[in-house]
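Reading through the structure tokens given below for one structure.
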Amino acid sequence: MAAARGVILKAVKKIAVQFCPFESNARSTREFLVLVGSERSRATNMNCEVTTEVKHDASEPLIDVSFLDGERLVMRGAKLTSREMLTAFQTRCTAKDPQAKLGAKK
């Protein structure tokens, strides 16, 4: 899986993650946060800001990704698995990074 290689954050400006830790539907969002917040992933773009907002209001888990070109990807994590979120995220990142496209073809 892509987690073994790490997540490439070159095309990403900011990732904002919010969730209520007491809700069972926040697990996949927390797993996604672990992947993008790892040292290996963060090393691919030191300027990428990863923020976490932990709430205690039973709110829906939310991931808001802002790309360098101004586009946004908003994922509501209540009904998504971490693999689905990671796949959507990496597909968008690969489309925005020409070098990642070349690496994927090999």
Could you give the dipole magnitude of the chain about its Cα centre, charging the beta-carbon of Lys and Arg +1 and that of Asp and Glu -1, in debye to the nearest 20?
540
Residue-by-residue Karplus 3J(HN,Hα) for the range 48-57, coefficients 6.51, -1.76, 1.60, Hz, glycine and proline x
6, 9, 10, 10, 10, 10, 8, 10, 10, 9
Antiparallel as a % of all DSSP beta bridges within the chain, to the nearest 5?
65
Relative contact order of the chain, please, whole-number percent, based on alpha carbon pairs below 8 angstrom and at least 6 residues apart.
35
For the chain, what's the radius of gyration and Dmax over Cα atoms, in angstrom?
13.5, 46
Got a number for carbon plus sulfur as a percent of the chain's accessible area, 1.4 Å probe?
52
The set of residues whose placed amide H lies less than 5 Å from the amide H of LYS55, leaving out same-chain residues fewer than 5 positions away, is PHE19, CYS20
Please name which of GLY70, LEU35, THR51 has its Cα lying farthest along the dipole of the range 21-78 towards the positive end, using unit charges on Cβ (Lys, Arg +1; Asp, Glu -1) and the Cα centre as origin.
LEU35
For the range 12-17, just list the computed ³J(HN,Hα) in residue order, Karplus coefficients 6.51, -1.76 and 1.60, θ = phi - 60°, integers in Hz, with x standing in for Gly and Pro.
9, 8, 8, 10, 10, 10
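The values are calculated or read from the model by the stated rules, or taken from the named source; none is laboratory data. Predicted model, so just to flag it, every value in this text is computed and none were measured. For neighbour counting, all protein chains shown are included, and Cβ atoms are generated from backbone atoms with ideal geometry for every residue, glycine included. The accessibility values were calculated without ligands, DNA or RNA, using every heavy atom of the protein model including side chains. Shrake-Rupley method; radii C 1.70, N 1.55, O 1.52, S 1.80 Å.
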